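Questions regarding the structure given below will be posed in turn.
The values are calculated or read from the model by the stated rules, or taken from the named source; none is laboratory data. Owing to the predicted nature of the structure, the values given are computational and were not obtained by experimental measurement. Glycine gets a Cβ as well: all are built from the backbone with ideal geometry, and neighbour counts include every protein chain shown.
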């Protein structure tokens, strides 16, 4: 329906209402009795009533308009966001109460003021540089700035805008610029939440990378999603280089999943699991725990793979077991040695008596001398067994370990085709030890090294002061020690023999008077242990062996000047001493 038709229809409605009201009045009855004049009066009354009805509708419309305006202002001033109307240069022409509350300002204090003046000084340059583009085309643009409250506190805000026409009372053709209606939202809570999320993410990442255990997050395709720095460092790669690789390739260097894969078991039954095994790729024993790892993505089944290195614990357990076994064997050997000595005492006495009675029997005496020589060899063996079993209470006194090393090397290698070099630190701390026992232990080790190089070679003897950190050497307390290393160029020791080399009578050589009885290293181990020290052997078959001894330093003795700038080596060369250091 057109506007003219609506207007005509409205007039018709007003006339019907006026006539209906006139019919209801007493005046209508009076006019009905008159003639044409009365008819005119009737029309005038109808028009008068129409005017009254129009006035009533106008007043009702004004009341509705005022009510609507009041509701608009209430919504406008109590909106959850601030509204600001500015001109083209950013001068505030209009603002709602929410904007005033946002900045803790009265509206009178913000009107006719530049919006830029209410923005944090550090953000003003950005705001001013972008405002013109924002004014010209605000569509789909957002601007985040910090604004300053009256108490100088900071409010994080987001600005969005749209162009609006000039006020309706402006004269057409005045060429007034369009206004910019800016919506200002308080995003302080959002910013604090974002910072909390970033802080939590950073803390999680730092914790993840700080954990010394080896951690990998693996998806349902057995692909690495993330590893911590400890695992990447153990593998010798960056964490980023691990992402996307198959876990069995990265961790086990295999082309397919190993049997009993804990990750596959978790995917199958959904239950966490724990395994203990030696990992050749990582070079150690590990307890590995696998547990579900929740993600926000639907349909994903990830797991977290945590491997705790128990290599040192296993080594300590082996050392403890070895020590207990040696103690048990030592108890048996000690008892046997005492029994041997008791029997030998009677045997030697009887041989001596026979020699006295057969002094003129030249045929019998050589046999008796041979028996006596064999008896003394057995006695020497018994004494060695006693040394292994009990070690004897060490008769301790301060000694210069560099002097003892050089004297022992010269004595043990004299007449052989094996040379030696000494690499000694300056100012080696003197040791409070039994010189005879320590010299015997070193002789046994050097003798083994010499026999490992039948074709000749060089033996390197090193000594320096070290400070052991807790658990850096199995079963050893932290503190100050002298570390002695004896390195040969022999054939090395098989891996399956390394755990047995300190066992009594274990030997890889032929048994006999020229090759030894397999007691040398067992006795050395016993002597070092009696001095509260530690001895260990490292070897790679075909590449020689290294014996490492740690002997504790008596804290009341200061380091002495027992080192030297250069020391003479065995047949042939000299080697400069190395500086002392620490082992962490």
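Please state which one of 103, 111 is in the same structural domain as residue 181 (by TED's automatic domain parsing) and farther than 21 Å from residue 191 by Cα.
Details: 103 fails: farther than 21 Å from residue 191 by Cα.
Just a single option satisfies the conditions, and that option is 111.
With respect to residue 255, is the statement that it is over 25 Å from the mean Cα position of the chain (by Cα), surrounded by 13 or more Cβ atoms within 10 Å (Cβ to Cβ) and either modelled with pLDDT of 80 or more or within 13 Å of residue 219 (Cα to Cα) (or both) true?
Numbers: over 25 Å from the mean Cα position of the chain (by Cα): yes; surrounded by 13 or more Cβ atoms within 10 Å (Cβ to Cβ): no; either modelled with pLDDT of 80 or more or within 13 Å of residue 219 (Cα to Cα) (or both): yes.
So residue 255 fails the test.
Looking at the range 69-81, can you tell me whether even one residue there is over 60 Å from the mean Cα position of the chain (by Cα), loosely packed, with under 12 Cβ neighbours inside 10 Å and in a helix (DSSP H, G or I)? Working first, answer last.
In the first step, residues of the range 69-81 are kept if they are over 60 Å from the mean Cα position of the chain (by Cα); the result is 69-70.
Now narrow it down to the ones that are loosely packed, with under 12 Cβ neighbours inside 10 Å: 69-70.
Those still in the list that are in a helix (DSSP H, G or I) too: 69-70.
There is at least one residue in the range 69-81 that is over 60 Å from the mean Cα position of the chain (by Cα), loosely packed, with under 12 Cβ neighbours inside 10 Å and in a helix (DSSP H, G or I).
Assess whether residue 100 counts as being out of contact with any strand residue (DSSP E or B) (no Cβ under 9 Å at 6 or more places or on another chain) and either at pLDDT 90 or above or not in a helix (DSSP H, G or I) (or both). Before the answer, list the steps.
Details: out of contact with any strand residue (DSSP E or B) (no Cβ under 9 Å at 6 or more places or on another chain): no; either at pLDDT 90 or above or not in a helix (DSSP H, G or I) (or both): yes.
Considered against the rule, which asks whether it is out of contact with any strand residue (DSSP E or B) (no Cβ under 9 Å at 6 or more places or on another chain) and either at pLDDT 90 or above or not in a helix (DSSP H, G or I) (or both), residue 100 comes out as no.
Would you check if there is a residue in the range 136-153 being modelled with pLDDT of 90 or more and at positive phi?
Yes: one or more hits.
Check off (1) out of contact with any strand residue (DSSP E or B) (no Cβ under 6 Å at 6 or more places or on another chain); (2) modelled with pLDDT of 85 or more for residue 222 and give me the number that stays unchecked.
Condition not satisfied by residue 222: (1).
Residue check, residue 143 against (1) closer than 15 Å to residue 185 by Cβ; (2) more than 44 Å from the chain's Cα centre (by Cα), all met but one. Which one?
It fails just one condition, (2).
Please go through (1) modelled with pLDDT under 90; (2) closer than 27 Å to residue 494 by Cα; (3) buried (at least 20 other Cβ atoms within 10 Å of the Cβ) for residue 442 and return the number of the only condition it doesn't satisfy.
(1)
Criterion first (surrounded by fewer than 17 Cβ atoms within 10 Å (Cβ to Cβ) and at pLDDT 90 or above) does residue 238 satisfy it? Show your work before the answer.
Numbers: surrounded by fewer than 17 Cβ atoms within 10 Å (Cβ to Cβ): yes; at pLDDT 90 or above: yes.
In short, yes.
So, one more: If you scan the range 528-555, which residues turn out to be in contact with a strand residue (DSSP E or B) (Cβ under 9 Å, 6 or more places away or on another chain) and not in a strand (DSSP E or B)? Steps first, please.
Of the range 528-555, the ones in contact with a strand residue (DSSP E or B) (Cβ under 9 Å, 6 or more places away or on another chain) are 528-529, 531-539, 544-555.
Passing the criteria: 528, 529, 531, 532, 533, 544, 553, 554, 555.
Is there a residue being at pLDDT below 85, in a loop (DSSP other than H, G, I, E, B) and exposed (fewer than 15 other Cβ atoms within 10 Å of the Cβ) anywhere in the range 478-495?
Checked the range 478-495: at least one residue is at pLDDT below 85, in a loop (DSSP other than H, G, I, E, B) and exposed (fewer than 15 other Cβ atoms within 10 Å of the Cβ).
Checking residue 192 against (1) at pLDDT 90 or above; (2) in contact with a strand residue (DSSP E or B) (Cβ under 7 Å, 6 or more places away or on another chain), which single condition isn't satisfied?
Residue 192 satisfies every listed condition except (2).
Out of the residues in the range 349-367 that are farther than 23 Å from residue 337 by Cα and surrounded by 12 or more Cβ atoms within 10 Å (Cβ to Cβ), state the one that is nearest to the chain's Cα centre (by Cα).
From the range 349-367, those farther than 23 Å from residue 337 by Cα are 353-367; that's our starting set.
Going one step further and asking which of them are surrounded by 12 or more Cβ atoms within 10 Å (Cβ to Cβ), we end up with 354-355, 358, 361, 364-365, 367.
Working: 354: 79, 355: 79, 358: 84, 361: 85, 364: 81, 365: 79, 367: 75 Å.
This residue is 367.
Listed here are the residues, each with its yes/no results for (1) exposed (fewer than 11 other Cβ atoms within 10 Å of the Cβ); (2) assigned to a helix (DSSP H, G or I); (3) in contact with a helix residue (DSSP H, G or I) (Cβ under 7 Å, 6 or more places away or on another chain); (4) modelled with pLDDT of 75 or more.
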| site | (1), (2), (3), (4) |
| --- | --- |
| 319 | no, yes, no, no |
| 322 | no, yes, no, no |
| 338 | no, yes, no, no |
| 369 | no, yes, no, yes |
| 374 | no, yes, no, yes |
| 382 | no, yes, yes, no |
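Does residue 196 qualify as being in a helix (DSSP H, G or I) and over 29 Å from residue 265 (Cβ atoms)?
Criteria met by residue 196.
Need at least 1 residues that are touching a residue at least 40 places away in the same chain (Cβ under 8 Å), touching a helix residue (DSSP H, G or I) at 6+ places or on another chain (Cβ under 7 Å) and under 13 Å from residue 305 (Cα atoms) per element, so show me which helices (runs of 4 or more DSSP H) inside the range 216-278 make the cut, counting only ones lying wholly within it.
Details: elements: 229-235, 239-242, 247-252, 262-269.
It comes to 247-252, 262-269.
For the range 409-439, name all the residues that are surrounded by fewer than 20 Cβ atoms within 10 Å (Cβ to Cβ) and without any contact (Cβ under 8 Å) to a residue 60 or more places away in the chain.
Selection gives 411, 414, 415, 416, 417, 435, 436, 439.
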